[in-house]
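This report concerns only the one structure given below.
The values are calculated or read from the model by the stated rules, or taken from the named source; none is laboratory data. The shown structure was predicted, so the numbers you read here are calculated from the model rather than taken from an experiment. As a convention, Cβ positions derive from the backbone with ideal geometry for all residues, glycine included, and neighbour counts pool all protein chains shown.
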Amino acid sequence: MSDRLLGVETEYAISAMAGREAADRQPIVRHLLEVAHSTLPHISDLSSSGMFLENAARLYLDCGLHVEYSTPECMNPWDAVRYVEAGHRTMLDLIGKLSAERLAEVETGCYRVNVDYSGAGSTWGCHESYLHRMEPELLPLHLIPHLVSRVVYTGAGGFDPFCRGLRFTLSPRAAHIERAISADSTSDRGIFHTKDEPLCAGHHRLHVLCGESLCSHAAMFVKFGATSLVVAMAEAGLSPGEAVQLASPLAALRLVAADAECAAPLKLKGPSRMTAIQIQRHYLNLAELHVGDAFMPLWAPVVCKLWRQVLDLVEAGPAAAAKVLDWPAKLALFVGHASSRGLDWERLAFWNDAVDRMTEAMALPPQGGKFPLEQAIGIETPIPDVVYEIEARMRRKGFQWDELRQILALRAEFLEIDMRFGQLGPRGLFAALDGAGVLDHRVSGVDNIEHAMKNPPNSGRAKLRGAVVKRVAGDREGAWCGDWQRIFSPKYRRSLDLSDPFAQTEVWNDEPVSGRAAALQ
Amino acid sequence: MRFLQRISDPQQRPASGDGDANSGDMLQQLRSQGNSLLAAGDEAIRRALAGSNSEAFLRASRQQGGE
């Protein structure tokens, strides 16, 4: 059976509140990294101000002042979920230490969240990496239909960040995806990202950036497992995506993200249409057909079983999947909260369309979008034609503007609920639901998280990296540093070669000193 | 894999229609199943939002970059 290698990067949101007001986050985030440097055994990261930890993961500060944690290289989806969770626990510990130092002065929170609702138009990434050996140019054909249709179980749920109303979406990140294929990662993002930075010898790396940070172990497990199997099938020459080519991948992604029933037919190239679930079943059927083939990993049967279960659940409707997957759980919370606040969730679709229409009109000259939506529905509205048209539709339905005013007044509260869902620690909504025993998302074998915070996976180069970091982390004189492919001491001029991602034994070389390593000496 | 034990019931599938409307049906379905998720969710939200200023909270975690 074949080995697969995968890893996950998570960008964390950090909030800082002084009482009921936002505080300056910059010193908090920088101090968080200082606390990490002073409390976590590590070696320096050669390519950033971050560090490699004793569990072989990487922790660093990335663009946009966010903390990012990359799991070590994992060889199965259990480890991938386990090390994602280890990252969350590590972050939570750091926040705890930080809060203890700063007392009650500033309340700091840490979140696995995907889009910024403050109006900044930005997003937090959760990227997956899958090692492979096929021609990278052939991958989009096979991966894009999978990446679009897997949203039915990989969606984090939330609200369309560009809608000024409250439009639920299976995948808020989807609103930030602007192309089918792109090399960019901070703007103009693609469903398929062409970045191929293998960080090892003899392989390629598929870098998926359209995914989202999730709370459900089942959702994460199937996301990592199913995508690994699709890559394995493509690598084996089975052409898994050929029969399900989407006519417009971006339009299909938007449709899937908007469809809580997961029943929207997506137009394929040619005359056919298939739902996202049917496309997923196409991939799954092929994987099941080849589950015992030599190119498949040993764990393929378990992944297929869970993959099928998740698709069955989603097909049964969001209520059936609410205890298992992120977006149906969030939808349940939102619908319940709307009810408790006196909002009619079913009528939001009407108001979202009205808000879109007004936003569009307000963006045109002379308004140029420079006034609040509340003003648009006031007596002296600057867009009377549009408002009269909406009022005509409202009269037919018996709706009143006060209902929209209520929605706009509660909008920030719903957006906060979305962010709080993934908050790390007991104040997080997902954590609270999990603690109350009302969820059913756990996967047998995803355990020992505490162990994973301090120990690497038990195979591949991650095992070697973790073992060496443990040994040398206390040796300040050695000025040990590293990147994904080596660990190095400029003092001793010794280097551990980690260019083989499946390496099992330590290979040390004598090395000349150069670059940043020289500066560390 | 506890959720593997559950067999999904095709009868639970909501009638076809627009997404928001079926999401509204979700509330009734969850209630009719005596779903404990709603009660626990209400309580968790109440605690999480206690004393919160939502607008300030959203500003407090503003992302300036990100991939």
Could you please find all residues in region A:231-276 being within 16 Å of residue A:311 (Cα to Cα) and away from every other protein chain (no Cβ under 14 Å)? A:274
Take the residues of region A:99-133 that are more than 25 Å from the chain's Cα centre (by Cα) and not basic (Lys, Arg): which is nearest to residue A:16 (Cα to Cα)? A:106
For residue A:32, indicate whether it is within 14 Å of chain B (Cβ to nearest Cβ) and of a type outside the set (D, E, K, R). yes
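Residue-wise test of (1) part of a strand (DSSP E or B); (2) within 23 Å of the chain's Cα centre (by Cα); (3) crowded, with 19+ Cβ neighbours inside 10 Å.
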{"position": "A:3", "(1), (2), (3)": "no, no, no"}
{"position": "A:12", "(1), (2), (3)": "yes, yes, yes"}
{"position": "A:16", "(1), (2), (3)": "yes, yes, yes"}
{"position": "A:52", "(1), (2), (3)": "yes, yes, yes"}
{"position": "A:56", "(1), (2), (3)": "no, yes, yes"}
{"position": "A:61", "(1), (2), (3)": "yes, yes, no"}
{"position": "A:68", "(1), (2), (3)": "yes, yes, yes"}
{"position": "A:80", "(1), (2), (3)": "no, yes, yes"}
Which of the residues that make up region A:468-517 are under 24 Å from residue A:204 (Cβ atoms) and of a type in the set (Phe, Trp, Tyr)? A:484, A:502
Answer residue from region A:87-106, given it is among the β-branched types (Val, Ile, Thr) and assigned to a helix (DSSP H, G or I) and is modelled with the highest pLDDT among those: A:90
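Residues checked against (1) at pLDDT 95 or above; (2) in contact with a Phe, Trp or Tyr (Cβ under 9 Å, 6 or more places away or on another chain); (3) under 23 Å from residue A:310 (Cα atoms):
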{"position": "A:424", "(1), (2), (3)": "yes, yes, no"}
{"position": "A:427", "(1), (2), (3)": "no, no, no"}
{"position": "A:435", "(1), (2), (3)": "yes, no, yes"}
{"position": "A:442", "(1), (2), (3)": "yes, yes, yes"}
{"position": "A:446", "(1), (2), (3)": "yes, yes, yes"}
{"position": "A:451", "(1), (2), (3)": "yes, no, no"}
{"position": "A:458", "(1), (2), (3)": "yes, no, no"}
{"position": "A:461", "(1), (2), (3)": "yes, yes, no"}
Go through region A:428-443 and give me each residue that's under 16 Å from residue B:61 (Cα atoms) and surrounded by fewer than 23 Cβ atoms within 10 Å (Cβ to Cβ). none
Is it the case that residue A:487 is among the β-branched types (Val, Ile, Thr), in contact with a helix residue (DSSP H, G or I) (Cβ under 6 Å, 6 or more places away or on another chain) and closer than 30 Å to residue A:390 by Cβ? no
Does residue A:412 meet the test of being within 30 Å of residue A:431 (Cα to Cα), in contact with a Leu (Cβ under 8 Å, 6 or more places away or on another chain) and small (Gly, Ala, Ser)? yes
I need the full set of residues from region A:437-460 which are touching a Gly at 6+ places or on another chain (Cβ under 9 Å) and facing chain B (nearest Cβ under 7 Å), in order please. A:438
Specify the residue that is nearest to residue A:428 (Cα to Cα); the eligible residues are those in region A:330-346 that are at the interface with chain B (Cβ under 7 Å from one of its Cβ atoms) and buried (at least 22 other Cβ atoms within 10 Å of the Cβ). A:333
Of all residues in region A:149-165, how many are part of a strand (DSSP E or B) and buried (at least 24 other Cβ atoms within 10 Å of the Cβ)? 1
Grab the helices (runs of 4 or more DSSP H) fully contained in chain B, keeping just those with 1 or more residues being at the interface with another protein chain (Cβ under 7 Å from one of its Cβ atoms) and modelled with pLDDT under 50. B:19-32
